[in-house]
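> The structure's right below; bear with me while I get my questions together.
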Amino acid sequence: MLDLALGILIVLTFAGATMAVVLKKVFHNLLGFGLSLVGLAGISLVLGSEFVALMQLLIFLGGITVAMVFAVMMSTPREQSEEPRTADRVAPALLVGAGFPAVMIALLLGGSFPTSPVTEELFGVREIGLALLTTFELPFEAISLLLLAAIIGAVAVARRTRERPDG
Amino acid sequence: MSGLIDSVQGVLGGWLTELVIGFVLLAVLITLNAMFMVWFERKVAGWVQGRHGPLHHGPFGLAQTALDVVKLLGKEFIIPSKVDRPVFLLAPIIAFLPALAILSLIPYSADMTLTDAQSGLLIVFAFGGLSLGGIFMGGWSSNNKYALLGAIRAVSQNIAYELPLLLSAMAIVLMSGTLNLTEIVDAQAGYRWNVFFQPLAMLIFLISAAAETNRAPFDIPEAESELVAGFHTEYPAMGFAVFFLAEYTYMFAVCAIGAVLFLGGAAGPLLPGPVWLLLKVYFLLFLMVMARWTYPRLRFDQLMNLAWKYLIPLALGNLMLTAFVLKLVQT
Amino acid sequence: MTLNAWADIAIGAPLAVFFAMLLGMRAWPRAVVGLSLLSALAVALATWMMALNLPEGGFTSSVPWAVTDDFSVSFGYRLTGLSTAMACVVGTIHLLVQVYSVGYMADDPHKARFFGTLSLFATAMLGIVLSADLAQTFIAWELVGLASYLLIGFWNAKPAAAQAAKKAFIMTRFGDLGLFAGLALMVSRLGDLKIDTVLLAVEANTWEPGFVTAIGLCLLCGIAGKSAQFPLHTWLPDAMEGPTPVSSLLHSATMVAAGVYLFALLQPLFLASEFTATFALGLAVFTALLAATVACVETDMKRVLAWSSISQLSFMLMGLAAGSQVAGFFHLVTHAGFKCLLFLSAGLFIHAAHTGDLLAIGRKVGRSAPVAALGLVVGCVALSGFPGFAGFMSKELVLHAVHEQGMVFYSGALLTSALTAYYAFRLVFLALFDPERESVEAHPSAALKWQQGVVVILAVLTLGIGWTGGDLARHLGASADEAHIHWMSSGVAFAMVALVLGAGLAFVDFGRGGERAGSFAKFPAMHRFFASGWGVDAFWRTFSDVGIAGLTRLALLIDRGAIDRTVDGTGAATKVLGGVAARMQNGRVQLYLSIALGLLATGLLALGAM
Amino acid sequence: MADDLNTYLIISCALFAIGLFGVLLRRNLVAMLIGVELMLNAVIINLVAFAKFSAPEPVTGQVFALFVIGIAAAEAAVGLSIVLAVHKSRGSISVDDLQELAG
């Protein structure tokens, strides 16, 4: 049963990811990305991490993707033609994009990883919250600082060009 | 009836049967709710404006909406030539599905929940964010500038109001110490409804909810006087109907969550749980309808100011105050 | 107050003035002058206090400054009879020169800089004198060089002054190379450069003779540079381009005296090697003779005095090299007095005549400047070695010491004595006995009074200083007998003969008016030879032209052949590599990412293979 | 299959490959950003999988996954604001048009 669900989710994920990368219109890429995120959240759920799955939905799908959609709507005319997809562009991308993960997979297949779960049930929200505020207090604060900096930076970058007429 | 259920159970196995039956029931609920709401809204509007509203078909014009649905079903489904077809067709469904998912999480009574998830509230918000997908897909794929403008407005509005919505709900999470909706209801047992302790949170929640569902006075994504009909301008017949369905379903879902969070969910004397829940939901829906016909539409900058300058700081302050008081009470 | 504190004051006070000047007090020149005078007074007081309170056996205090496994350098004071006596000379002359300068530099817009640098000069000189460690001495030694450079080139707008300053700096650097080599040799054996350590090592006679000779010759090179001995003496006459107080200080107590002082300080080291001592003696006699002959034909008043200084410095070195510290150092003290007096008097003359030319001074000023004339007469009498005056008393001791070293040196020294008497009286006669003198009324200004006062004080000092030999000898730790003149000896008789011959010839040549050319002019070839300073300047010029041009050509060859090729090759290689790198830096994130991941994959594979 | 760590690791690698391919292939800034986000998600799957299969503390992997999500959010915020700024000043969001500094 779980294998079946995982299979469906994998198909969903990779279909979405492929759409996100291969399709020529950015909007379609985004939809594909959203689809693959749903699949990914499902995979996290299969792994037993409800919280991470929900965060993937809430932040990646509800936050980042929506923001990307917003950016695309603000910046890309619908008729914009995507760059030509010539062999000299696809080939190196394919080479590196396949080569590097091939190396990784070869390495990890050669390695000896545990094959059975250590824990059936991953800890939930409460334990994660406690860990965030005790063991990982410092990185947690650092992340919040990073987010603050990112927000300020984003505002600053977006605002500066607003004052300038077409350059 | 039970024989039917048994035979279905024989085919599908226990929890899947429950699921299927639950979704069938939900579908019925959604349809009835949408039809009722259209009528209800028109009636309230008539009452507010000193006129009658629908009258002619059925008692109090109750059959009016059903006839409208039949009419919409009979209309030709025109797809404009330059639209982004797959996206265009997918958009209404995407808009509708998350609302359905949310409804499946609501505890209709103490033991009547389709999925009793541990992080139920989080799932609600996660899916709540998804409902936006239908809107921007529709607005984008229509190849129409009004539709696109409506979509852009919807996106920025949703991003802005998601925060106060979450923050006000978090105050309740703090009070009950759980994300499970059933447990949140249990925490309010004995009529210790959260609305008495968190009136500000409820106010913020309702305002944000109205904005999230693009209801007036926050309906600028579909402001007809500016954008024709906003993101669903190009949608014909049933496409349009599904968007409407989705909007009313989403309203129902949000009000149900509101009732669960603030009004003690399905708890109430005498009457069975689901009835109480429905009463509370329709009370909240009544408030939203009243707001729609009472207040003028906000301008875009006013809308943004309200969220970023008032609601978010207020919700944050409320959250911090709650945490502080809770700590005091606990120690 | 302790000796340490006095020494601190002596070195610190003028240094403070210098830094105050550097750090912006230049805007208030009068304040700098006042401060400078105060500090000079403090220095003079401090030096005398040190000399008078010196305990038996001296006083040493030092703190380590830089310590490594191989050697250590310390800073501190080493007060002995010699160093305190020298400090007194420096402090006193410095004070007098400062006072003199108040008048002399009254109208100079840059007098703040002048006084500040003068103070630095004093600090540096006292640094040499009081130092306990030869490394510290070397630092102060170079500071003296710097200060002299700044002061000789004080009127830096004047090309001649700038040239002279550069010349002084560079010539003395040649000598300092030798000094540095000598110090390096010593440190290689000793591990530190404390003067006591060095002297102990010399006393213990632990070094092989060749090594001692080598050190001695190296140090002698530095001394020759500083004290203007042949062949590094040519900068000194040119240094007359500086303000007269500077010349005065330079020639009497600081700079040139530094070399002699170092010789006196390390006298045992030089005497430990027969060869070094003899070489130093021979060099000194030769230089004395050379400088004296040039002084006889020079026509510029200050240049005459400069050549005379060289000659007299040689006398000091003669005394020291001949083994008599008292004789050599006593001559330094007396010379400091009368040479300072002579320069300051010359300053008065030049101030009045607006020129340094002897004949012009004789014609324009002469006896109408009575104080200057007094100073000149007293100074010249002392210089010429008139019995009873300062110069005689010390020179007699030197001659006595040289006499013991052999007739060749002694006869050279005697000849130089005669020449000294000749040029000293030539100076007097030319300046004061010009029959064609224009009668000009002198108008001594208020500022001049300061200068005249100093000259009078110095004249009195000079008259008295010759009789302090016994005290000085005792202060140096020798017996008073060493400073005793044997009036009835043949040495005094020879000296008298030399004096009479020299002075007589001068009287015959210049004392009776008439032609002012002198006997030397009767032998034109010799006159030219002397006037050109025995051709040393020309030698240096040729040396620098030929030698340095050759070096330059060699350097050019190396530069073109080896360095240029290398540099060009590096450049070309860089260009090629840069081209490759530039192609990689094409602004595409994709390429960067690919490269990074490629490297990462390679690293991972390597890790996996391990 | 669902009980084998290698399944998830290969999913993660493959997803990373797709994301990498996207970043390398596309010239549109937003599309490149999508590729980056895919790669980040691959990392998240990896972290959660290891949390379940081999971590001594099951919480750690999830916490790090959360950190990755936070960083992704920050990156998207800045990245998208740059996209908007670029669009405003150049009228295009293709990296091919952003080569003024290229030698």
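The values are calculated or read from the model by the stated rules, or taken from the named source; none is laboratory data. Bear in mind the structure is a predicted one, so any value in this text is a computation, not a measurement. With ideal geometry, Cβ positions are generated from the backbone for all residues, glycine too; neighbour counts draw on all protein chains shown.
> Select from the range D:15-24 the residues that are touching a residue at least 12 places away in the same chain (Cβ under 8 Å) and at the interface with chain A (Cβ under 7 Å from one of its Cβ atoms) and list them in ascending order.
Correct list: D:LEU15, D:PHE16, D:ILE18, D:LEU20, D:PHE21, D:GLY22.
> Is there any pair with a first residue in the range B:57-72 that is under 12 Å from B:PHE36 (Cα atoms) and in the same structural domain as B:MET238 (by TED's automatic domain parsing) and a second that is polar (S, T, N, Q) and assigned to a helix (DSSP H, G or I) whose Cβ atoms are under 8 Å apart and which are 6 or more apart or on different chains, and what are they?
The qualifying pairs do not exist here.
> Something else now. Could we say that A:PHE100 is at pLDDT 75 or above, of a type outside the set (Lys, Arg) and under 24 Å from the mean Cα position of the chain (by Cα) here?
yes
> Tally up the residues in the range B:266-300 that are in a loop (DSSP other than H, G, I, E, B) and farther than 22 Å from B:LYS43 by Cα, please.
9
> Cβ contacts < 7 Å: first residue at negative phi, restricted to the range C:530-552; second residue in a helix (DSSP H, G or I), any location; separation 6+ or different chain. Result?
Once the first residue is at negative phi and sits in the range C:530-552, its partners that are in a helix (DSSP H, G or I) give C:PHE530/C:THR293; C:PHE530/C:VAL294; C:PHE530/C:CYS296; C:PHE530/C:VAL297; C:PHE530/C:PHE520; C:ALA531/C:VAL297; C:SER532/C:ALA538.
> Of everything in the range D:72-103 that's at pLDDT 75 or above and more than 7 Å from every other protein chain (Cβ to nearest Cβ), which residue is surrounded by the fewest Cβ atoms within 10 Å (Cβ to Cβ)?
D:GLU75
> Now a separate question. If we keep just the residues of the range A:119-167 that are crowded, with 16+ Cβ neighbours inside 10 Å and in a loop (DSSP other than H, G, I, E, B), which is modelled with the highest pLDDT?
A:PHE136
> Next question. In the range B:74-128, which residues are assigned to a loop (DSSP other than H, G, I, E, B) and within 25 Å of A:SER49 (Cβ to Cβ)?
Across the range B:74-128, the qualifying residues are B:SER104, B:LEU105, B:ILE106, B:PRO107, B:THR113, B:LEU114, B:THR115, B:ASP116, B:ALA117, B:GLN118, B:SER119.
> Another one. From A:VAL21, A:VAL11, A:VAL38, which residue is part of a helix (DSSP H, G or I) and within 8 Å of another protein chain (Cβ to nearest Cβ)?
A:VAL21
> Okay, moving on. Would you mention how many residues in the range C:492-528 are under 27 Å from C:PHE409 (Cβ atoms) and modelled with pLDDT of 75 or more?
15
> A further question follows. Testing C:SER411 on (1) modelled with pLDDT under 75; (2) closer than 21 Å to C:ALA498 by Cα, one condition comes back false. Which one is that?
Against the list (1) modelled with pLDDT under 75; (2) closer than 21 Å to C:ALA498 by Cα, C:SER411 comes up short only on (1).
> Still on this structure, please answer the following. Could you tell me which numbered condition D:ARG27 fails, if it satisfies all but one of (1) facing chain A (nearest Cβ under 7 Å); (2) modelled with pLDDT of 80 or more; (3) surrounded by fewer than 24 Cβ atoms within 10 Å (Cβ to Cβ)?
(2)
> From the list C:LEU374, C:LEU383, which one is crowded, with 24+ Cβ neighbours inside 10 Å and either hydrophobic (A, V, I, L, M, F, W, C) or touching a Ser or Thr at 6+ places or on another chain (Cβ under 9 Å) (or both)?
So the residue among C:LEU374, C:LEU383 that is crowded, with 24+ Cβ neighbours inside 10 Å and either hydrophobic (A, V, I, L, M, F, W, C) or touching a Ser or Thr at 6+ places or on another chain (Cβ under 9 Å) (or both) is C:LEU383.
> Separate question: Select from the range C:299-323 the residues that are buried (at least 24 other Cβ atoms within 10 Å of the Cβ) and either outside any helix (DSSP H, G or I) or among the basic types (Lys, Arg) (or both) and list them in ascending order.
C:LYS302, C:ALA322
> Which ones in the range D:48-67 are more than 7 Å from every other protein chain (Cβ to nearest Cβ), assigned to a helix (DSSP H, G or I) and surrounded by fewer than 20 Cβ atoms within 10 Å (Cβ to Cβ)?
D:THR60
> Quick one: C:THR80 ticks every box in (1) at pLDDT below 80; (2) closer than 26 Å to C:THR468 by Cα; (3) not aliphatic (A, V, I, L, M) except a single one, so which number is it?
Unmet for C:THR80, out of (1) at pLDDT below 80; (2) closer than 26 Å to C:THR468 by Cα; (3) not aliphatic (A, V, I, L, M): (1).
> Among the candidates D:ILE10, D:ILE71, which residue alone is closer than 22 Å to A:MET19 by Cα, in a helix (DSSP H, G or I) and among the aliphatic types (A, V, I, L, M)?
Exactly one residue qualifies, and that residue is D:ILE10.
> Given the condition away from chain B (no Cβ under 14 Å) and in a helix (DSSP H, G or I), answer yes or no: does some residue in the range A:59-80 qualify?
No: zero hits.
> More than 10 Å from chain A (Cβ to nearest Cβ) and touching a Ser or Thr at 6+ places or on another chain (Cβ under 7 Å): is that true of B:TYR161 in this structure?
Against the criterion (more than 10 Å from chain A (Cβ to nearest Cβ) and touching a Ser or Thr at 6+ places or on another chain (Cβ under 7 Å)), B:TYR161 qualifies.
> Still on this model: On the given criteria, is B:ALA266 outside the structural domain of B:PHE36 (by TED's automatic domain parsing), crowded, with 24+ Cβ neighbours inside 10 Å, modelled with pLDDT of 75 or more and within 14 Å of the chain's Cα centre (by Cα)?
no
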